[in-house]
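Remarks on the structure that follows.
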Amino acid sequence: LNAQEKMLASLKFGERIEGEIRLAMSSSICNRYFKEDFLQFRRKYPGIRAEIKEGGTEQMFDMLRRNEADIVFTLDRHIYDSDFIICAEQEEQVHFIAAADNPVAGCSWKLSEISQNEFVLTEQAMSYRKILNETLASQSLEIRPVLEIGNPLQICELVKNSSLLSFLPDFISEKYVTDGQIKRLDVAGCPVTVWTQLLLPKKKWRAPAINVFIEFYKEVMQR
């Protein structure tokens with residue numbers, strides 16, 4: 001009934017697309033795609049309102065199943081499920097990072113060596129943090145960070161001004177690396193790859209607002 005109401009409402013607007021989109025995503029994805037890109041989307045579709053709910057991957061899919069979200073923007077291992085459509089996806093690299101003037105920068109390290117340093121990391125539910133923990137555990141290693149915090153840009157700010165290390169996707173640290181404030185570390189035995197994926201349920205009716213959002217962000221992710 002809700003889907004029918006949304007469909008009938010959308011037909012009333014003719015050429016003007018209006019509606020609400022409920023998005024589930026991580027803070028890392030939010031930092032990447034919901035700055036200037038969203039402002040461009042807003043200028044193109046001023047009648048569309050978006051609500052963002054942040055969480056880990058499992059939480060996001062729970063939101064979809066409970067109809068609390070329309071679309072998920074994941075940053076995790078590659079996900080394939082026959083119940084969901086992959087609308088767009090992109091492979092991402094993840095590296096250890098340090099301040100550019102940190103003595104550990106510019107050297108090659110083993111995972112057992114780099115793990116002895118002090119770290120600031122995202123919360124344990126974050127996908128790339130979970131993968132790091134699993135990789136460490138496979139070698140009987142552990143990192144106990146001095147600080148766990150959800151905002152990855154704040155992590156970069158802390159790293160560039162201290163001796164703390166971190167572990168973040170390259171797209172988060174890119175500007176800091178380009179500006180010469182942070183360096184990515186060469187750590188043997190820790191190849192981590194994650195995927196950004198835009199997914200939605202196969203059986204869910206797609207309102208015009210959802211369709212234009214998907215088409216817009218497919219183009220953004222392909223840049």
> In region 178-223, how many residues are without any contact (Cβ under 8 Å) to a residue 40 or more places away in the chain and under 30 Å from Cys107 (Cβ atoms)?
Replying inline: 3
>> I'm trying to understand the selection: among the residues of region 20-36, which are surrounded by 21 or more Cβ atoms within 10 Å (Cβ to Cβ) and not in a helix (DSSP H, G or I)?
In response: Leu23, Ala24, Met25, Ser26
> All but one of (1) of a type outside the set (Val, Ile, Thr); (2) open to solvent by less than 30 Å² (accessible area, probe 1.4 Å); (3) assigned to a loop (DSSP other than H, G, I, E, B); (4) under 16 Å from Ile155 (Cα atoms) hold for Ala105; which doesn't?
Replying inline: (4)
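Those residues that are among the aliphatic types (A, V, I, L, M) and buried (at least 20 other Cβ atoms within 10 Å of the Cβ), I need them from region 196-223; list them, please. So that I can check it myself, show each step before the final result.
Residues of region 196-223 among the aliphatic types (A, V, I, L, M): 198-200, 207, 209-210, 212, 214, 220-221.
Hits for region 196-223 are Leu198, Leu199, Ala207, Ala209, Ile210.
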>> Condition check: in contact with a Gly (Cβ under 6 Å, 6 or more places away or on another chain), within 26 Å of Ala137 (Cα to Cα) and open to solvent by less than 80 Å² (accessible area, probe 1.4 Å). Does Leu75 satisfy that?
In response: no
> Within the set of pairs 6 or more residues apart or between chains, which connect a residue that is part of a helix (DSSP H, G or I) inside region 51-65 to a residue that is modelled with pLDDT of 90 or more and small (Gly, Ala, Ser) with Cβ atoms less than 8 Å apart?
Replying inline: Gln59/Ala24; Met60/Ala24; Met60/Ala69; Met63/Ala24; Met63/Ala69; Leu64/Ala24
> Can we say Glu91 is open to solvent by 60 Å² or more (accessible area, probe 1.4 Å), in a strand (DSSP E or B) and touching a Ser or Thr at 6+ places or on another chain (Cβ under 8 Å)?
Replying inline: yes
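Return the residues of region 112-150 that are of a type in the set (Asp, Glu) and in contact with a strand residue (DSSP E or B) (Cβ under 9 Å, 6 or more places away or on another chain); say none if nothing qualifies.
If we filter region 112-150 for residues that are of a type in the set (Asp, Glu), which is where we start, we get 113, 118, 123, 134, 142, 148.
Within region 112-150, Glu113, Glu118, Glu123, Glu148 qualify.
Among the residues of region 151-186, what is the count of those that are surrounded by fewer than 19 Cβ atoms within 10 Å (Cβ to Cβ), touching a strand residue (DSSP E or B) at 6+ places or on another chain (Cβ under 6 Å) and either at pLDDT below 95 or in a helix (DSSP H, G or I) (or both)?
Filtering region 151-186 for residues surrounded by fewer than 19 Cβ atoms within 10 Å (Cβ to Cβ) gives 151, 153-154, 157-158, 161-163, 170, 174-175, 177-181, 184, 186.
Next, from what is left, pick out any that are touching a strand residue (DSSP E or B) at 6+ places or on another chain (Cβ under 6 Å): 158, 170, 184, 186.
The next check asks that each one be either at pLDDT below 95 or in a helix (DSSP H, G or I) (or both); those that pass are 158, 170, 186.
Matching residues across region 151-186 total 3.
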> Would you pick out the residues in region 117-139 that are open to solvent by 90 Å² or more (accessible area, probe 1.4 Å) and at pLDDT 95 or above?
Replying inline: Glu118
>> Checking the structure you have, find out if any residue of region 55-71 is open to solvent by 30 Å² or more (accessible area, probe 1.4 Å), closer than 13 Å to Leu199 by Cα and among the β-branched types (Val, Ile, Thr).
In response: no
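Does Ala105 qualify as being closer than 27 Å to Asn31 by Cα and of a type outside the set (Val, Ile, Thr)?
Details: closer than 27 Å to Asn31 by Cα: yes; of a type outside the set (Val, Ile, Thr): yes.
Criteria met by Ala105.
The values are calculated or read from the model by the stated rules, or taken from the named source; none is laboratory data. Source: prediction; values computed, not measured. With ideal geometry, Cβ positions are generated from the backbone for all residues, glycine too; neighbour counts draw on all protein chains shown. The protein model used for the area step is the full one, side chains on, heavy atoms only, and it has no ligands, DNA or RNA in it. Shrake-Rupley method; radii C 1.70, N 1.55, O 1.52, S 1.80 Å.
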